[in-house]
Amino acid sequence: MGRILWAIVCVVAGIVISSSGVLGDSEASGQIGTIIMVIFLVIGLVPLLLRILELACMALSVTNKRVVGKTGVLRVHSLDLHIDKVDNVTLNATLLGRIFKYYNVTIKGSGDGTGVKFSGISNGPQIKNAITEAIEQHAAEARRAQAAEIAMAMRGKNN
């Protein structure tokens, strides 16, 4: 939201400065006004375009064994966690996020203090539920495997 507001402020400021006549009425001042407007447009729109590109390049997937994802354009943060190493999945939403139903999902692994934050996720609760279900399924499979090992050991001991 901050980038959109910044873009709007810069565009409006550029238009106001270039069309207000503050610089005078000569042809040279009109060209300077146009240059100032273009500078404000670039300052306002570049961060917005980078955010759009970041959203387009973001990927997050959940399997029964791993959570894999990457986010970022200039500074790429990647995540590749075995499902039993996931410690915490946090959902956050700003006021506009609640209105438009998009979330910030932060996934923390064991030993990872900060985690990886995925911003602007439209299906955040479904992702959190998928990770929780995968963790529970992995734990159930581990319990079954352990029970089978105990049963094999008990059979071998009784013979």
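Every number in this text was worked out from the coordinates using simple rules, so none of it is lab data. Here the structure is a predicted model, which is why all the values come from computation and not from measurement. Don't worry about glycine lacking a Cβ; one is built from the backbone with ideal geometry, like all the others, and counts go over all protein chains shown.
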- In deg cm²/dmol, rounded to 500, what helix-only [θ] at 222 nm does the chain give when every DSSP H run of at least 4 residues adds -39500 (n - 2.57) and the total is split over its residues? -20000 deg cm²/dmol
- In a GNM of the chain with a 10 Å cut-off on Cα contacts, which of L55, L96, L45 has the highest mean-square fluctuation? L96
- Provide the per-residue ³J(HN,Hα) series for the range 123-135, in order, calculated from phi with Karplus coefficients 6.51, -1.76, 1.60 and θ = phi - 60°, each as a whole number of Hz, with x at glycine and proline positions. 10, x, x, 5, 5, 4, 5, 5, 5, 4, 5, 5, 5
- Message: Using a 7 Å offset from the Cα along the Cα-to-Cβ direction at both H82 and Q31, what is the distance between the two label points in nm, to one decimal?
- Response: 6.7 nm
- Query: Computed from the mean reciprocal separation of all distinct C-alpha pairs, what Kirkwood hydrodynamic radius does the range 6-149 have, in Å?
  - Reply: 18.5 Å
- Task: Hand me the tally of lysine pairs in the chain: alpha carbons under 18 angstrom apart, and the pair either on different chains or 8 or more positions apart.
- Result: 15
- Query: Under a plain spin-label model, where a point goes 7 Å from the Cα along Cα-to-Cβ, how far apart in nm are A93 and V42?
  - Reply: 3.9 nm
- For helix 2-19, report the angle its Cα long axis makes with the longest principal axis of the Cα atoms of the chain; keep it between 0 and 90° and round to the nearest 10°. 10 degrees
- Using Cα centres only, tell me the gap between the range 102-150 and the range 33-47 in whole Å. 43 Å
- Query: Any idea what angle helix 27-57 forms with the longest principal axis of the chain, computed on alpha-carbon atoms, 0 to 90 degrees, nearest 10?
  - Reply: 10 degrees
- Find which of T90, I4, F40 sits farthest along the positive direction of the dipole of the chain, computed with +1 on the beta-carbon of Lys and Arg, -1 on that of Asp and Glu, about the Cα centre. T90
- Which residues' amide hydrogens lie under 5 Å from the amide hydrogen of R66, considering only partners 5 or more residues apart or on another chain, with H built in the peptide plane? I83
- The alpha-carbon pair-distance distribution computed for the range 105-159, with 10 angstrom bins and whole-percent values, is 20, 29, 22, 16, 10, 3, 0
